[in-house]
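Report on the structure given below.
Derivation of every value follows stated rules applied to the coordinates shown; laboratory data play no part. What you see is a predicted model; the values in this text were computed from it and never measured. Positions of Cβ are backbone-derived with ideal geometry, glycine not excepted, and every protein chain shown enters the neighbour counts.
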Amino acid sequence: MDLLTVDIKQAGYTKNDVQTITDINFTVKAGELVGLIGPNGAGKSTVIKAILGLLPLTLGKVKFIMSGPKYAYIPEQPIFYDKLTLWEHLELAAAVHEIKENALLKKSDELLTLLSLQDVKHHYPTSFSKGMQQKLMIAICFLIKPDVYFIDEPFVGLDPRAAKALISLINKERKRGAGVLISTHQLEIAEKTCDKIIIISDGSIVTSGTFEQIREQCHLSGASLFDCFNQIMEHLG
C-alpha cells in the first residue's frame, strides 16, 4: 500500500527561484525504505522540505494515506530547545502525541539504551556533541511511531554503533508497516538497506529503482552502488 505519493512539478525558496527542484515523482509504500541520493546541492533536502510543506513555493501534489501520526522528520541539523533536558524533550513529544506515561517510560527506556543516552537523559542538549544531538532527534521521532519517517543525512556525526542502532530502529519500524524516506551520502548503507533508490541531480530525478535495476541500467553487473552512481554522474557531465 502506498503511504505517500509525491508529484511535485516545481518547488523553490523564492519567486525568482521556483525551479530549485522539478518533476519529482515517486511513492513510499508501507514497510519500504527509499533512499534519496545525489551530489552536494542536488536538492535532496529540498525535496524533503517540499514534501513537508516547508518551502514558500511548491507546485504539485503530495498525498499521505495515514491512520496514526502522519510523519516524523529528522533534519540534517538537529533542532532542540536550549532550556529543556533530553528527558524533557521526550516528555514534550509524548504530551503532544498523547503518549501515556507508562508507554513513555517503556519506549524511552528502550530507545535511550539502544542509543547509549541513558547516562545523559537529564542533561541539556547544548552540552552534547553533534552525534549525540542527532541521537536525541532520533529518539524523539522513533518515540512517536509515525506512519512515515523523513530522515535527512542521519549518519553525519554518528559513530558506527549509533549508525547500526538507527538501522535497527528503521528495520523494526518497517516491519510495523511504516515507510521511510532517507537522504544519504552513505552509498554502502543505501546499497545494503534500501528497497528503492532515487538518484537526483540538479533538482531532478535522474533514475530510480531497486539496486539491481540501477545496476542493469548502468550495464554494470556485480558493481557497487558507488560505481553505478559515479558512472551516472560522469554521463551527466
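Could you list which residues have their amide H under 5 Å from that of Tyr13, counting only those 5 or more apart in sequence or on another chain, with H placed in the peptide plane?
Thr20
With springs only between Cα atoms under 10 Å apart, run a GNM on the chain and tell me which of Ala223, Ala50, Ala163 wobbles the most.
Between Ala223, Ala50, Ala163, it is Ala223 that shows the largest mean-square fluctuation.
Once you have the Cα-Cα distance between Asp195 and Met233, take 0.36 nm times their residue separation minus that, and quote the gain in nm to one decimal.
Working it through step by step, the gained length comes to 11.5 nm.
Mind jotting down the distance between the C-alpha centroids of the range 100-127 and the range 154-189, whole Å?
Cα centres, the range 154-189 to the range 100-127: 19 Å.
Mind checking the dipole of the range 31-92: about its Cα centre, +1 per Lys or Arg Cβ, -1 per Asp or Glu Cβ, Debye to the nearest 20?
Taking the Cα centre of the range 31-92 as origin, the dipole is about 360 debye.
Sorting check: for 172-183, 125-136, which peptide has the highest mean count of neighbouring beta carbons within 10 Å, and how do the rest follow?
Going by the mean number of other Cβ atoms within 10 Å, highest first, we get 172-183, 125-136.
So if each residue of separation counts as 0.36 nm, and I subtract the Cα-Cα distance between Asp119 and Leu59, what length gain in nm does that give?
Extra length from Asp119 to Leu59 when fully extended: 17.0 nm.
Please name whichever of Gly41, Gly203, Val28 sits farthest to the positive end of the charge dipole of the chain, dipole taken about the Cα centre and charges placed at Cβ: Lys and Arg +1, Asp and Glu -1.
Val28
For Ser168 and Leu84, FRET efficiency with R0 = 25 Å and r from the beta-carbon atoms, rounded to 0.05?
The pair Leu84/Ser168 has a calculated efficiency of 0.40.
Report, in order of residue number, the helices in the chain meeting two criteria: a C-alpha extent of 18 Å or more along the helix axis, and a mean Kyte-Doolittle hydropathy of at least -1.0; treat each whole DSSP H run as one helix.
Span-like helices, by this rule, are 101-114, 130-144, 160-176.
Quick check: the distance between the Cα centres of the range 219-237 and the range 50-82, to the nearest angstrom?
Here the answer is 31 Å between Cα centres.
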